[in-house]
Amino acid sequence: MTKEEIKQKLTELNEKLAQVWDEILSASELVQAINEKRIDQRLFALYMLETYHYTRHNARNQALVGVRSFQAAPSYVKFCFDHAAEETGHELMALHDVKSMGLNIEEKDLPPALPATEVLIGYLYWISMQGNPLQRLGYSFWAENCYQYINPIINSLQEQLGLKSSQLTFFIAHSTIDEKHAEEVNNMIITHCKTEDDLKAVEKVMETSLRLTGQLLNAVYDVYSSLEKGSSGTYQFLNVLKKIK
């Protein structure tokens, strides 16, 4: 395939991405609760805790692609390692945002990831360790370029919960970093995807990982709904956030 054909496929990939985002967000009870202003800081904390968990693994599974890709072009291997290095520690932004609301909690005290989060984490390790080494670009393709879809939701959260920009470092500071990353991912696809099979592998991982993230959102809302109903359990400690102003 020529570079022009690849660029056309990239346009089609963006169209597919928009379609999947629309399906996920329009069906999400979490998004609906935000739009209807039926939320408090516990929902944001729950989401950021799960964000901490899966983000903690992103640098590691990205590096695995470079470790196993003996047949890949050196520039792609370098991208994998450089990207992994730049992603290292980003989970601490998510933890910072949780703690900034007044929650006194350390990494060692965090509850384990929800099963839906574990499935996403496991899937990303799986596609990083086997199959087409280029396929992990599908995850990066949407994850590094998600802000056009989620910014209206984040803005609504910030307004409703009275959060400062300094309490949204994972999204605000991260978005600046990810602008550069998104451009790099596009360049990697254009440069290294040579066949229809390469592009299909990227598209499959893009859609699958994004839909798994949608399931994570559903799981977060389910826990929040249980807390609202007064259930006790692992996340009961978040109820203190209802009293913090």
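Once you have a ≥ b ≥ c as the square roots of the Cα gyration tensor eigenvalues for segment 1-125, tell me rounded if a/c is under 1.5, and otherwise prolate or oblate according to whether a/b is larger than b/c.
Numbers: a/c = 2.68, a/b = 1.36, b/c = 1.97.
Cα axes put segment 1-125 in the oblate bin.
About its Cα centre, how strong a charge dipole does the chain have in debye, to the nearest 20, once Lys and Arg get +1 and Asp and Glu get -1 at the Cβ? Display every interim value, and only then the final one.
Working: 24 positive and 32 negative charges, 108 e Å.
Roughly 520 debye for the chain.
Under 5 Å between amide hydrogens, which residues at least 5 positions from L110 or on another chain qualify, with H placed 1.01 Å from N in the peptide plane?
Residues meeting the amide H criterion: none.
Which lysines does K108 reach when only Cα atoms under 20 Å apart count, and residues fewer than 8 places away in its own chain are ignored?
K99
Under 10 °C and 1.306 mPa s, how fast does segment 3-243 diffuse according to Stokes-Einstein, given a Kirkwood radius computed over C-alpha pairs? Answer in µm²/s, whole number. Could you put the intermediate results ahead of the total?
Working: Rh = 18.7 Å.
Answer from the Stokes-Einstein relation: 85 µm²/s.
Could you run the Karplus curve 6.51 cos²θ - 1.76 cosθ + 1.60 with θ = phi - 60° over segment 60-68 and give me ³J(HN,Hα) per residue in whole Hz, x for Gly and Pro?
My calculation for segment 60-68 gives 5, 6, 5, 5, 4, 4, x, 4, 9 Hz in order.
Using DSSP to define loop residues, name the GluC sites (Glu not before Pro) in segment 1-61 whose beta-carbon has at most 13 other beta-carbon atoms within 10 Å.
Details: sites: E4, E5, E12, E15, E23, E29, E36, E50; in loops: E36.
Here the sparse-neighbourhood loop sites are E36.
With an 8 Å cut-off on Cα pairs and a minimum separation of 6 or more residues, tell me the relative contact order of segment 111-214 in percent.
Relative contact order here is 53 percent.
Once label points are set 7 Å from the Cα along Cα→Cβ at both R68 and L92, what is their separation, rounded to one decimal in nm?
2.9
What's the angle, to the nearest 10 degrees (0 to 90), between helix 74-87's Cα axis and the longest principal axis of the chain?
Orientation of helix 74-87: about 10 degrees from the principal axis.
Once you have the alpha carbon radius of gyration of segment 159-245, what is it after dividing by 2.2 N^0.38 Å, with N set to its residue count? Write out the running numbers ahead of the final one.
Values: Rg = 19.4 Å, N = 87, 2.2 N^0.38 = 12.0 Å.
My calculation over the Cα atoms of segment 159-245 gives 1.61.
Nearest 0.05, what FRET efficiency do D222 and R38 give at R0 = 22 Å with Cβ-Cβ as r?
0.95
Using a/c under 1.5 as the rounded threshold, could you call segment 5-67 rounded, prolate or oblate? The axes a ≥ b ≥ c are square roots of the C-alpha gyration tensor eigenvalues, and prolate needs a/b larger than b/c, oblate otherwise. Working shown, then result.
On the way: a/c = 4.74, a/b = 1.26, b/c = 3.76.
Cα axes put segment 5-67 in the oblate bin.
Roughly how many whole Å is it from the C-alpha centroid of segment 5-53 to that of segment 97-149?
When both Cα centres are located, 14 Å separates them.
Can you return the lysines within cross-link range of K200? Criterion is Cα-Cα under 21 Å, with same-chain partners fewer than 8 residues away left out.
Qualifying lysines at Cα under 21 Å: K3, K7, K9, K16.
Quote the FRET efficiency, to the nearest 0.05, computed for M129 versus N104 with a Förster distance R0 of 41 Å and r equal to the Cβ-Cβ distance. Don't skip to the end; give the middle numbers.
Numbers: r = 37 Å, r/R0 = 0.91.
Efficiency at R0 = 41 Å is approximately 0.65.
At 7 Å along Cα-to-Cβ for each site, give me the label-to-label distance between T191 and S166 in nm.
Using points 7 Å along Cα→Cβ, the separation is 3.9 nm.
Could you work out how far apart the two model spin labels at S75 and Q19 are, taking each label as a point 7 Å from the Cα in the direction of the beta carbon, and quote it in nm?
3.1
All of the numbers you see were taken from the coordinates with simple rules; none came from a lab. These numbers come from a predicted model, not from an experiment. Positions of Cβ are backbone-derived with ideal geometry, glycine not excepted, and every protein chain shown enters the neighbour counts.
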